[in-house]
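The values are calculated or read from the model by the stated rules, or taken from the named source; none is laboratory data. Just so we're clear, the structure is a prediction, and the values are computed from it rather than from any experiment. Reconstructed Cβ throughout: ideal geometry from the backbone, glycine too, with neighbour counts over all protein chains shown.
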Amino acid sequence: TETFVGHQVLRIVPTTHEELQKVQELQDLEDLQLDFWLGPRGPGHPVDVRVPLPSLQPLKVHLESNGISYSVMIKDVQALVDREKKEMLRTRRWL
Amino acid sequence: PLSTSTFNYDSYHNLAEIYDFIDLLVAENPNLVSKLEIGRSTEDRPLYVLKFSKGGTNRPAIWIDTGIHSREWVTQASGVWFAKKIVSDHEQDEGLASILNEMDIFLEIVTNPDGFAFTHTQNRMWRKTRSRHSSSTCIGVDPNRNWDAGFGGTGSSSNPCSETYRGPYANSEPEVRAIVDFVKNHGNIKAFISIHSYSQLLLYPYGYTSTPAPDHQELHQISEQAAAALASLYGTDFEYGSIYSTIYPASGSTVDWTYNQGIKYSFTFELRDTGRYGFLLPASQIVPTAQETWLALKVIMQHARDHPY
C-alpha cells in the first residue's frame, strides 16, 4: 500500500504570467513526482500540489528563488489518510 | 446494515459496501428503483446504474454520475446519499415528485470502480482508470479526458504517466464507452450532470474551446440559480462558468461530449472543499456536502423538466 509519510500539500499562488509559467513547468518534472490536486489556472489562482518528502526541499527552494509565494495546506498527508481509515474502521466495528 | 435506513451516510464506504447498498435500495423499492449493468470495467467489475422511474417507456431522463475520478471520495459518498434522498422524497417533495412524474433519473454512483477499489487497497490518491494501453509501465487513463469531444487537444496529455493521460483513442476506457453506448441507445437524456471534487465550482461546456457554447447564456443563468440554491443551506460559495474560462482548457471531457450529443443541460460540479482538506475531506462533511449539492441538482432537474426541447 502506498504511503504518504512526510508528504505535504502546498498551495502555490502564482501572481504573474511569468510565475505561472514557472509553476506550469513543474508539471513536466517527473523526477519530483508532484501530484497536482489543483492545476495551474491563471495568475492569482491557487495551485495545490502534493509533494513527496524528498521533493519538498528542492521545490521550496525553487519557489523561493523565483519569488513565488506558497503555503502549506496539509502538513502531513499520511496523518489525514490514517484518520480517515480509523474512522471507517470504527464505523464498521460499530455496525 | 440490514436496510438503507441504518446505512451510515456520514462515513466513507468501500466498493463492496456501496454495491450492497445499491442492492438493498433496489430490494426495498422495487416499484421505483432498478439496477442496470451498463458494462464491465477493465478489471471486469460491473458498472451499475440506478434507474429511478415511475414507469413509462423511454421517458426523458436525467443522468447523474459520481466518482469518475476515484480519489474524489466525497462524490461517491454523495451519490449514495442522493440515491437514498430520491427514494425518501419521491412522494413528499413536490418538486421531486413532479420531476419523476415526467422523467427518469439515472445515477451511476461508482463510475470508475477499478480506480475506486484501488484507492481503498493500494493508493488513496489514485485518480485514473486501471487500464494498460502502451508499453509504458504507467497504468491508467484520465476518464475525463477520454471522451470524443476535442479529444487529444489542449489540457490533456499524451504521456501515459500523466494524471491527465487521455488514452490512445477516444472511448478507449470501458467505463467511458459504457456511458457513451448507454446515452446513444437511450436517445432521450435531457440533462447530464457529472460530479467531481474539489474546488466548489459549477461548470458547463465548453472545456476544449474558448468559443462559448450556443446555449451559454441559458446555462449561465441556470448555474447562477443552482449556486444560489446550494449556498442557501450552509452558505457554501460556488463559482460558476464555462470549463474553459473558469478552470482551464480541458479537452475530451464528459460534458463537452454530452453537450455535443445534443444534451443541452450538461453540467459538471466540483464539490467541497476549496483546499483545506482537498480529496481527504473529513467524513463529517459528506452529508452537508450532499445536502447542499442536492438543492443545486434540483434546480437543474426542474429546469430540464420545465424546458423541454
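Note on the stretch A:51-95: residues that are within 18 Å of A:VAL5 (Cβ to Cβ), acidic (Asp, Glu), more than 8 Å from every other protein chain (Cβ to nearest Cβ) and outside any loop (DSSP other than H, G, I, E, B) amount to 1.
Among the residues making up the stretch A:24-50, those that are within 12 Å of chain B (Cβ to nearest Cβ), of a type outside the set (D, E, K, R) and within 13 Å of the chain's Cα centre (by Cα) are A:GLN27, A:GLN33, A:LEU34, A:PHE36, A:TRP37, A:LEU38, A:GLY39, A:PRO40, A:PRO46, A:VAL47, A:VAL49.
Listed here are the residues, each with its yes/no results for (1) touching a residue at least 24 places away in the same chain (Cβ under 8 Å); (2) surrounded by fewer than 22 Cβ atoms within 10 Å (Cβ to Cβ); (3) within 14 Å of another protein chain (Cβ to nearest Cβ); (4) not acidic (Asp, Glu).
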| residue | (1), (2), (3), (4) |
| --- | --- |
| B:SER5 | no, yes, yes, yes |
| B:ASP23 | no, yes, no, no |
| B:ASN31 | no, yes, no, yes |
| B:GLU43 | yes, yes, no, no |
| B:ILE68 | yes, no, no, yes |
| B:THR75 | yes, no, no, yes |
| B:HIS90 | yes, yes, no, yes |
| B:ASP93 | no, yes, no, no |
| B:PHE118 | yes, no, yes, yes |
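Could you please find all residues in the stretch B:1-57 being farther than 18 Å from B:GLN76 by Cβ and acidic (Asp, Glu)? Scanning the stretch B:1-57 gives B:GLU28, B:ASP44.
Taking (1) within 21 Å of B:GLU72 (Cα to Cα); (2) at pLDDT 95 or above; (3) within 14 Å of chain A (Cβ to nearest Cβ) in turn, B:SER210 satisfies each apart from (1). Quick check on the stretch B:21-33. Is at least one of its residues under 19 Å from the mean Cα position of the chain (by Cα) and either farther than 13 Å from B:ILE109 by Cβ or hydroxyl-bearing (Ser, Thr, Tyr) (or both)? No, because not a single residue in the stretch B:21-33 is under 19 Å from the mean Cα position of the chain (by Cα) and either farther than 13 Å from B:ILE109 by Cβ or hydroxyl-bearing (Ser, Thr, Tyr) (or both).
Against the definition (at the interface with chain B (Cβ under 10 Å from one of its Cβ atoms), among the hydrophobic types (A, V, I, L, M, F, W, C) and either surrounded by 13 or more Cβ atoms within 10 Å (Cβ to Cβ) or more than 30 Å from B:THR4 (Cβ to Cβ) (or both)), how does A:LEU20 come out, yes or no? No, not satisfied. Screening B:GLN291 against (1) part of a loop (DSSP other than H, G, I, E, B); (2) touching a residue at least 40 places away in the same chain (Cβ under 8 Å) leaves a single unmet condition, (1). The residues of the stretch B:128-141 that are surrounded by fewer than 24 Cβ atoms within 10 Å (Cβ to Cβ) and within 18 Å of B:TRP73 (Cα to Cα) amount to a single one, B:ARG130.
Every condition in (1) in contact with a strand residue (DSSP E or B) (Cβ under 8 Å, 6 or more places away or on another chain); (2) more than 9 Å from every other protein chain (Cβ to nearest Cβ) holds for A:THR3 except the one numbered (1). Among the residues of the stretch B:85-132, the ones that are in a strand (DSSP E or B) and not charged (D, E, K, R) come to 3 in all.
Do we have A:LEU10 as closer than 25 Å to B:SER197 by Cβ and part of a helix (DSSP H, G or I) here? Taking the combined requirement at face value, the residue does not satisfy it. Could you pull out the residue among A:LEU38, A:LEU32, A:LEU20 that is of a type in the set (A, V, I, L, M) and farther than 22 Å from B:SER245 by Cβ? One residue alone meets the criteria, A:LEU32.
Of the residues examined, B:LYS84 is not one that is under 24 Å from B:VAL255 (Cβ atoms) and basic (Lys, Arg).
A:ARG92 passes every criterion in (1) surrounded by 15 or more Cβ atoms within 10 Å (Cβ to Cβ); (2) in contact with an Asp or Glu (Cβ under 9 Å, 6 or more places away or on another chain); (3) among the charged types (D, E, K, R) apart from (1).
Only one entry in B:ALA228, B:ALA178, B:ALA149, B:ALA170 is out of contact with any Pro (no Cβ under 6 Å at 6 or more places or on another chain), under 18 Å from B:GLN291 (Cα atoms), away from every other protein chain (no Cβ under 14 Å) and not in a strand (DSSP E or B), namely B:ALA228. Scanning the stretch B:8-21 turns up no residue that is more than 14 Å from every other protein chain (Cβ to nearest Cβ) and not in a helix (DSSP H, G or I). Here the condition is being crowded, with 24+ Cβ neighbours inside 10 Å, within 14 Å of chain A (Cβ to nearest Cβ), closer than 16 Å to B:ILE195 by Cα and polar (S, T, N, Q); of B:SER253, B:SER266, it holds for B:SER253 alone.
One residue is enough: does the stretch B:243-263 have a residue meeting the conditions in a strand (DSSP E or B) and closer than 24 Å to A:VAL49 by Cα? There is no residue in the stretch B:243-263 that is in a strand (DSSP E or B) and closer than 24 Å to A:VAL49 by Cα.
Of the set (1) hydrophobic (A, V, I, L, M, F, W, C); (2) surrounded by fewer than 22 Cβ atoms within 10 Å (Cβ to Cβ); (3) within 17 Å of the chain's Cα centre (by Cα); (4) closer than 19 Å to B:LEU295 by Cβ, all apply to B:ILE62 but (2). Checked against the criterion of being more than 19 Å from the chain's Cα centre (by Cα) and within 30 Å of B:VAL33 (Cα to Cα), the stretch B:101-116 contains one or more residues that satisfy it.
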